Each structure stands twice: as C-alpha cells, then as structure tokens.
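Some notes on the structure that comes next.
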Amino acid sequence: MLRRDFVRAVVSVGLLPKALLAQQTANPAPPPPAPVPWTLGLNPKTPLPVTEAADGIAETEASFFTSTQLATFTRLCDLLLPPLDSKPGALQAGTPMFLDFLIGSSPMPRKKVYSGGLDWLDAASKTKYKLPFAQLNATQADALIKPWLRTWMTDHPPTEQHADFINIAHEDIRVATMNSKAWDDAGVAAGQDWVTGGLYWSPIEPDMAGLGTTSTQLPPHVMAVPKAPHSIPSYPR
Amino acid sequence: MTETTYDVLIIGSGHAGGMAAKILTEKGIHCLMLNAGPVADVARDAQRKPAYELPYRGFKPPGRLEHVFQASEFNANVWVDEKEVPYTFDPSMPYNWVRVRLFGGRSLFWSRQSFRLSDYEFKGKSHDGFGEDWPISLADLAPYYSRVEDIFQVEGAQDGPPQMPNGNFVPVNEVWSESMQRFIKASQPYNMAVCKQRRALGRDGLASSVNLLLPDAERTGKLTSIANAVVRQITVDKNTGQPNGCLFVDRLSRREMHVKARVVVLAAGTLESTRLLLNSNLGNSSGMIGHYLMDQIYGPGITCSVPEARNGKATKQLMGGGAIVPRFRNITTKYDKFLRGYALNVTSRMGAIEPRNFAAYGAELQQKLKEYNGSAFHITVMGEVLGRYENHVRIDKEKVDAWDIPVLNIQTKYTDNEFNMAKDAVEVGCAVADAAGFEVLSKNDVPNPPGYSIHEVGTCRMGDDPKKSVLNKWCQSHDHKNLFVVDGASFVSAGWQNPTMTILALSMRASEYLASEMSKQNV
C-alpha cells in the first residue's frame, strides 16, 4: 500500500461514523461552488434601483405612418387636443409618435382606418384649400373635421366611412395623451397623485415554454448546452 | 405509487365547480378539483402602476385579446390569451368568447347582478310556444336560490313582479333620488316595474368561489386541488364504458398526466365543458351537445343628461342610485315585434360623462365635459336571446390550442327577434328619458357580437326526453349516470337575467342529488 493510500484509509475510518449518519439525510446539500452561492444576497431590504419609463425621455422614429401621414396626423392631434388649462396637449404628450407605434403594431383593420383616414383627410384638404392638411389653420381644419364628429356609445364607434376614422382617432388621441407621463407630471405639479394609475396584473405564472404571443420568441427556459467548437465536452440536459 | 381513485373529479373552480366542491365535501365525499390556470394572488401578481409605465399606455395589447372588449392593458394578463387558446368562427358571424382560467375562473370578475329566473323562463314554451320548457320550475329551484342568496349576501328589495321573483335578500334601504323618481313616473305608460337593483355583496368586497365556496370545501379536508391542469379528455372504463377520470396536461411543464374518479363533474364554463365532452366523444347520444347556444344582447342603450344637475348643481338628492326594470314585454299582453323581452339597467351617476357623448373637440369639448359633469343618466339593455338549434359549436378539426387540444368552432348569430328587441328597447328608453326631461346624448340600438355579455349558456341542455336533451333535470348525463355538467351549459333558455345565481343554484341542487345517489350506491 502506498503511503498516501494508507493515510486516506485512516482518514476514511475516522470519518465513517459521520458518513453513516449522513446517509440518513436523503439529499445532502452539495458543496458550495464558491464562498457565497450566487442566488443568495437579494433580500427584502435590498434597495431597488430607481428607473424611469423610457417614454418621455427617449425619441423614436415613425415606422408606420408615411411622412405625409405623420404630418397630417400631427396637425390633427394638435387640433383635437391642444394644451388646455394646465394640461399638456397631444403634441406635448408625444401622442403622434406613440400612436404610430400602437397602430403599427395593430391588426390590419385598425391600420386601414388610420392610413385610409389620413390619406382621405389630406386629399380633402388639397381639394378644398389647395393645401396639405398639415398647413391648414384652425378654421379651415374645423370645416373638414366637424361634419364627421358623432356621438356614440362604448364599443360602438361609427361605422360610416370618414366618421369612423375621425371619431376613433379622436378617442385614441385623448386616451394616449391622458395616459402619458406628461399628463401625469402636470397632475403632480398641481398637487395630484398620478391620475393615470390602475391596478396592473403581471403575467401570472407565465408559460415560458408556451405558444402564447408574448412568449413565442422566447427560448425554452432550460437550454441544452450548445455544441462547442472546441474539445470541452457538453452535457445536453 | 398506488393510483388513487377519487370519489368525484370536478373540472373547473368557478362558481359552478366551487359550489359542487362545497356541497360534496361537506357530505364527506372526497373530491379532486382540476383548474386549467394558476392561482391569482393580488398581493403577488398585481400592483398599482401609472399607465405611462406600461408598454401600450393602458391600451389593450394589440392583437392579443381582440374579442375581449372588457380588456385593457392593466388587466390583459387575467384573460385567456386568444392566441394560446384560440377558437374559430366565420368572419361574418363574430363571437366574443371571454374567458378566465385563473383559479376561481370568472367568479373573480363579475358584475354581481343577482336574479332568479322565473317561470316565464322555466316554462317559456308553455307561455308563448317557442323552444322547450325546462324540466324544472321555479318551485324546484327556489329553496336552492335562497341558500345561494344567503351565501352570496344578495342585496335587494322584495319589490319584484312575478317575472323577477323575490328572494332571501339583505334589505336595501336607499331611497330613490329625484332623477330616479322622474324616470319611474315617466315609465308608467309602459307598465314597467322599476325595482331596486339586486347585487351580491359577498364578503370582504369579493363574491367569488375562492372566498365564499372553496374555503368551506377545504375546511372539510376532503378537497384536493391541482392548478395548471389543462384537461385534454375524459377517460372511460373500457369494460363499463362509463367515465372514470381524465387525461390532463400540466400547463407549465407540458407533462401528460391522468387521474381516476368514480364520478366526473364538469364545471369548466359552458363552452369549455361542451368542448371537453365533444373532444371526449361522450354523452352525445342525442346529438344535441353544442346546440342551442344562447346569451343575452348587450350593447344597446342610451346615455342621457339630467339638465338640472349640470354646471355643478348635482346633489345626492337629485342624482345617484340604480334600478332594474325586469322584462315587461310579452308578460300580460302579446307584443307583435318579438318574442320574450329585455330588462333595463338604469343608473343615475354624479361622475364624469365620457367625451364620446359630445360631437365636439378641444376647448369646446372641455367646456361641455365641465358643464355636464355630474348629470349622467344611463339606460342599458339586457335582452333574451332565443335558443335555436342552428346556433351551435363544434370541434374545429383543423386547429388546436397550445396544448394540442382541438379548439371550438362557434357558429351563432342574432336574428330579427334580437335586433327588433334592441331597437324597441332604445326607442322606449329614449321616450321615457324624454318624458322625464332628460337630454339624450348618445344611443345605440345594435347589439355587440354574441358572447359579449359573458353569459353564454346552453349547448348541453337539460330535459326529460333523452332524444332532445343532453342532461336530465339533475344536470346528470342521460347517457352516463356518473357524469354531471353543473355550469351554464344545462340552460334550456337564457332569460334576460344574469345567469350566475341560477348556475349556483343548479350546481347546489345537482351536487346534493349526486351525494344522495352516491350514498344509496346508485352512482
């Protein structure tokens, strides 16, 4: 027997009672890989970093409206919801660019209402005033808009062509503006709590491997180890 | 591991399943409850946030919940994702299937309006010749309604005419505001009964299966519940041909599992229970499963303003309060424009009026909103949809959901009866508002698509004749004595009433019958 094997045997005998006892525990904890296991440390007293919503800080480029449509829509936003009292208007709230994003992400029928509506409005302006809608003054724009305003009930916007666009866009512009950070900031400045607030439900036990629209692009949460180009062995799980 | 065979398998945890669990476990019966979704914990899963912090500023996430008009970005995650569990329909016949798969189901989120059906519904055919009578009458269900009303703490007055039976109510003592009194006076030519609203107060602000029913069942120690169990199929004993459990898939792991039980109680919500029966090819000797899908027309109504309440003059004496006007057409006289009838929900409100009630924008609109603030008077319609064989659902053989379970194809539409009813309701509403001196700001006489009311009922209707119905009067399958459907699928007619109290009473009655049959070893 080599000396080191002898030493190992003696040490093993010395440890035996403890090892036997340890067998009574079904799953002994594995030895820690490092002084502090990496998942430990965060606790309820951990300070949370303060972050801001990017909306209102960052700028975006229009990706759905054409430049003419965006100019028409920007004028429409300013007309339908200008700054009033201490509240910001649609332009101050970044509403045109936000709705470019929202409508651009929406199903085709909603896109058509907007793109068709904006093209019609600009064409109607050029026919009547020989000017693009974006350059009309308030009186001229009012003459084009007012005849299409309707009263309507929840979930039943007008279906008549042109009236559909004007009334749906009007409501969207109001909601987008009144749910903006600029609107809340004006409320806070006036001593109000944030007024756009509501009880937001996070995904509840989300199905990470699922086929839901929110997770379609996500990889499975347990990945097989990819094949490495070098000689380190991989252990697909 | 030895496989446990439970006494009763309950699929679904909403009002219907919760009531079945409460009744059966209190009789000492071991129940296993499966629910397709997780447990919602408001402390863990919800927090107050400003809209601008959400990706879509509070707008409904585009394309995800197209048919859930009720959804916003704040609550988008509580509804069933239409991409995850799709359903199909002809584009010319849209259907709004609004679903919740959280533990407790739609009992977590409901309007709390609590009515009994009357014999004008239970015995509708005897009254007007259309459809079928239920195999039960109000007298059969009344004792169960009373117990349900006690559990749910239904608030109301004993002021109902025969078509809106009175019940076991927490008394409501509020007096009518002046605007409501003006409505009552103006409605007299129509022989309407204007009654105090009836609503479930529940306990601690909630009237749900999770706080009023399931805790009682859990207290017995006889209930075992599994969340995230998406049931694929009811299994049958190969020797007897009788249901003996189910196959389900774990929503998160996608692991396929199965459980055994002596009795299967379906309470997954009208259309999910029907989908499960169709996918299991079970209980359909009549060929009636999926047929006679009904609900109520919602959407038509009018928004008015009470002139005296404008310009900051609204007071609690003048404004406030709500009323229910039960069906008044085709009760004592026959109305020639449609069969059955509609109820009106009437609300006088001191809050803001929505901008869409004014054909104005900018500063002019702002001025109107200020002027009209506090003067709102709403009249909305709930109309009975007739049960028709051709309004049906079936399995779509081309499409499956996220768990490879075939989805439903829904084929239903409203007819002239429903459209005429909506028009009549709005005409009457406008006439009464006008006579009361209110200004009508906006109106709509076109119903929302079927399903919008979230009151889908029928598709496994009950009856005495096994050739014309799926269930008997105890919500028990004609084909399999150990198979029950205790949700809204058993309805024979929809009525104008919100169906929750009837679903609860039927589930209670069916569960007591089942317990009694099990004790006699008949099941």
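Inside the stretch A:164-207, residues that are of a type in the set (Gly, Ala, Ser), within 10 Å of chain B (Cβ to nearest Cβ) and farther than 25 Å from A:Leu79 by Cβ make up a count of 3.
In summary, helices (runs of 4 or more DSSP H) completely within the stretch B:105-168 and bearing 2 or more residues that are under 30 Å from B:Ser225 (Cα atoms) and touching a helix residue (DSSP H, G or I) at 6+ places or on another chain (Cβ under 9 Å) occur at B:138-152. For B:Arg509, the criteria (1) modelled with pLDDT of 95 or more; (2) in a loop (DSSP other than H, G, I, E, B) hold in every case but one, which is (2).
Conditions (1) of a type in the set (S, T, N, Q); (2) surrounded by fewer than 16 Cβ atoms within 10 Å (Cβ to Cβ), marked per residue:
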residue: B:Leu138; (1), (2): no, no
residue: B:Tyr144; (1), (2): no, no
residue: B:Asp150; (1), (2): no, yes
residue: B:Gln153; (1), (2): yes, no
residue: B:Pro162; (1), (2): no, yes
residue: B:Pro171; (1), (2): no, yes
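In the stretch B:405-414, the condition of being in a loop (DSSP other than H, G, I, E, B) and farther than 22 Å from B:Pro499 by Cα is met by at least one residue. Taking the condition under 25 Å from the mean Cα position of the chain (by Cα), modelled with pLDDT of 95 or more, basic (Lys, Arg) and in a loop (DSSP other than H, G, I, E, B), does B:Arg275 pass? So B:Arg275 does not fit the description; no. Looking only at residues of the stretch A:172-188 that are within 16 Å of A:Leu81 (Cβ to Cβ) and among the β-branched types (Val, Ile, Thr), we find that the one that is farthest from the chain's Cα centre (by Cα) is A:Ile173.
Checking each residue in the stretch B:213-234 for being more than 14 Å from chain A (Cβ to nearest Cβ), surrounded by fewer than 19 Cβ atoms within 10 Å (Cβ to Cβ) and among the β-branched types (Val, Ile, Thr) picks out B:Thr220, B:Thr224. Exactly one residue among B:Thr315, B:Thr303, B:Thr347 is surrounded by 23 or more Cβ atoms within 10 Å (Cβ to Cβ), among the hydroxyl-bearing types (Ser, Thr, Tyr) and at pLDDT 95 or above, and that residue is B:Thr303.
Within the stretch B:347-399, the residues that satisfy the criterion of being within 12 Å of chain A (Cβ to nearest Cβ), without any contact (Cβ under 8 Å) to a residue 24 or more places away in the chain and not aliphatic (A, V, I, L, M) are B:Pro355, B:Tyr361, B:Gly362, B:Glu364, B:Gln366, B:Gln367, B:Lys368, B:Lys370.
Checking each residue in the stretch B:229-242 for being farther than 22 Å from B:Val407 by Cβ and either part of a strand (DSSP E or B) or acidic (Asp, Glu) (or both) picks out B:Val236, B:Asp237.
Might you check whether a residue that is closer than 20 Å to B:Tyr389 by Cβ, within 14 Å of chain A (Cβ to nearest Cβ) and under 20 Å from the mean Cα position of the chain (by Cα) occurs anywhere in the stretch B:477-486? No, the conditions are met nowhere in the stretch B:477-486. Scanning the stretch B:62-71 finds one or more residues that are surrounded by fewer than 21 Cβ atoms within 10 Å (Cβ to Cβ) and either more than 14 Å from chain A (Cβ to nearest Cβ) or in contact with a Leu (Cβ under 9 Å, 6 or more places away or on another chain) (or both). Would you call A:Asp119 over 30 Å from B:Gln70 (Cα atoms), in a helix (DSSP H, G or I) and within 13 Å of another protein chain (Cβ to nearest Cβ)? When the stated conditions are applied, A:Asp119 does not pass them. Based on this model, can you work out whether A:Asp185 counts as at pLDDT 85 or above, touching a Leu at 6+ places or on another chain (Cβ under 8 Å), surrounded by fewer than 18 Cβ atoms within 10 Å (Cβ to Cβ) and part of a helix (DSSP H, G or I)? So A:Asp185 fails the test.
Taking the numbered list (1) within 14 Å of another protein chain (Cβ to nearest Cβ); (2) in contact with a helix residue (DSSP H, G or I) (Cβ under 7 Å, 6 or more places away or on another chain); (3) not in a helix (DSSP H, G or I) in turn, B:Tyr52 passes all entries but (3).
The values are calculated or read from the model by the stated rules, or taken from the named source; none is laboratory data. The structure displayed is predicted, hence computed values, not measured ones. When we count neighbours, we look across all protein chains shown, and the Cβ atoms used for this are built from the backbone with ideal geometry, even at glycine.
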